[in-house]
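The values are calculated or read from the model by the stated rules, or taken from the named source; none is laboratory data. Treat the numbers as computed from the prediction; the structure is a model and nothing was measured. Cβ atoms come from the backbone with ideal geometry, glycine included; neighbour counts cover every protein chain shown. These accessible areas exclude ligands, DNA and RNA; they are computed on the full protein's heavy atoms, side chains included. Shrake-Rupley method; radii C 1.70, N 1.55, O 1.52, S 1.80 Å.
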Amino acid sequence: MTVRVRYAPSPTGHLHIGGARTALFNYLFAKHHQGTFLLRIEDTDLERHVEGAAKEMADNLHWLGITWDEGVMVGGEYGPYYCTERLPIYQQYQEQLLATGHAYPCYCSDEELQGERDLAMQEGRMPQYSGKCRHLRAEQIAQYEAEGRQPALRFRVAHEEPIVFTDLIRGDMRFEEGSFGGDFVIVKSNGIPTYNFACTVDDHLMAITHVIRGEEHLSNTPRQILIYRALGFSLPVFGHVSLILGANGKKLSKRDESIVQFIDQYREMGYLPEAIFNFLALLGFAPQGEEEVLTKEQLIEQFTFDRVNKSGAFFDAVKLDWLNAHYLKAQDPASLLPIMEKILSPYVKTRPCLADPAFVIELIALYQEQVSHLAQIMTQGKTFFEEKAPYEQDALALLKEGDHRAVIESFEQGITSLEDFTAPAIKALLQTVQKETGKKGKDLFMPIRAAVTGQLHGRDLPRSVTLLGRERVLFRLKESMEFLS
């Protein structure tokens, strides 16, 4: 069997980490088996459709390094790959289901259906369609048509044996006939097919061999199996990957703002695609050995579903930051310039120094060993974005409470006369100030750092002074004199 898998998101918003993980598992499985990975857009939810979402999702998948062999923006022999462009195809199969008695028109209004659900809840029953329209007489249909009712199309669930299948991850699965809500809608009253119907037809016609998706779709599988059988289609292999859990052990909610959950947000914060790729692969997949920093090629080689856990995968933000920091440290600072420039772009007009690529590269080099993502430089390196030193309280307290005038004045004189304004020259100047003032250690470095950066702690002092520039350093040293006791 030639493996063919697909990722088929609904364009109703941004690419969520759960969706990205599903896409990644499909990608790794396809590449491991030298198969085909396909991207299809299931845009049948017209009410929630977000303009441009499909393109944004595709762009974020590409950024992650997840490419597809066939589908939207690529093409292929099984297109079109947007569901709304396949409506004539679905029409053919819904007519087949009507002709064979597997489907029937349902004229029930939303109010009638809601009344059935409410009654079932009051009586402690699982809400299930009553089958009211299963056996409509011709005169009833004529009456509904005269009233202007537009029918939906329901699949007729026969009383039969339980639905049984073997899940690639979860093993043997069994659904009793009454466990999935009775006769279900396959085409809405507006003529748009529902997910279960469109997905089943498309997966068959696109020769999908393995349907790998999130656990939340597990309850859809028995309904889809019924449609497969009614249309005479052979079944694919189903696999349902676990939920991603938050720190509280519950399903990750998109409303939980304590965790960043969308791929474009990670891009904006300066995370690297290699780190996100690596991290997502470890959400439910256990690689061989103890190593967790793995390349794309290593993950493709090792990926099999017998190493994918069926229990929930905890989203460990600390591990993600650790991984991203690891990848950041390995980068040439110049290679990170485009990412950092995008982060800094809103501030360039008011801080002209940020428009200088050499300045930004040196800024990255100064902090890349310390930050977990590049946006942290905006807060940790704030002293480099201001003309005046952004004094922190402890730095002000130090300048006001100690006897540091001699150190500050000596350093200021040295900066004024220094010909070679480089980090090695600044380091040598600090040694000269030590000899002139007799101060050393914290008594030497902290007052200078407090005066120049507004902080007591930070990155390498000579490199920081160099990056601030002579004029700004002299301005800050003079400004700090008013605080000296």
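If you go through the range 113-154 and keep only what is open to solvent by less than 70 Å² (accessible area, probe 1.4 Å), assigned to a loop (DSSP other than H, G, I, E, B) and touching a residue at least 12 places away in the same chain (Cβ under 8 Å), you end up with P127, Y129, G131, C133, R134, L136, R149, P151. The numbered conditions (1) closer than 23 Å to A138 by Cα; (2) surrounded by fewer than 19 Cβ atoms within 10 Å (Cβ to Cβ); (3) small (G, A, S) are all true for G65 except (1). In a residue-by-residue description of the range 386-393, the property of being over 25 Å from D264 (Cβ atoms) and more than 45 Å from the chain's Cα centre (by Cα) applies to no position. Hey, could you check the range 265-288 for residues that are in contact with a helix residue (DSSP H, G or I) (Cβ under 7 Å, 6 or more places away or on another chain) and of a type in the set (S, T, N, Q) and say which is nearest to D316 (Cα to Cα)? Filtering first and then ranking leaves N278.
Just to be sure before I move on: is A198 over 23 Å from A53 (Cβ atoms) and at pLDDT 95 or above in the structure I sent? The answer is no for A198.
Evaluate the following for L87: is it open to solvent by 20 Å² or more (accessible area, probe 1.4 Å) and not hydroxyl-bearing (S, T, Y)? Yes; evaluated as a whole, the condition is true for this residue. Among the residues of the range 317-355, those identified as in a helix (DSSP H, G or I), open to solvent by 80 Å² or more (accessible area, probe 1.4 Å) and over 22 Å from E387 (Cα atoms) are V318, W322, H326, K329, P338.
Within the range 411-422, the set of residues being under 48 Å from the mean Cα position of the chain (by Cα) and open to solvent by less than 30 Å² (accessible area, probe 1.4 Å) comprises just one member, I415.
In the range 356-423, counting only helices (runs of 4 or more DSSP H) that sit wholly within it, the ones holding 1 or more residues that are farther than 28 Å from A325 by Cβ span 393-401, 405-417. Scanning the range 33-60 for residues that are in a helix (DSSP H, G or I), open to solvent by less than 50 Å² (accessible area, probe 1.4 Å) and in contact (Cβ under 8 Å) with a residue 60 or more places away in the chain yields a count of 1.
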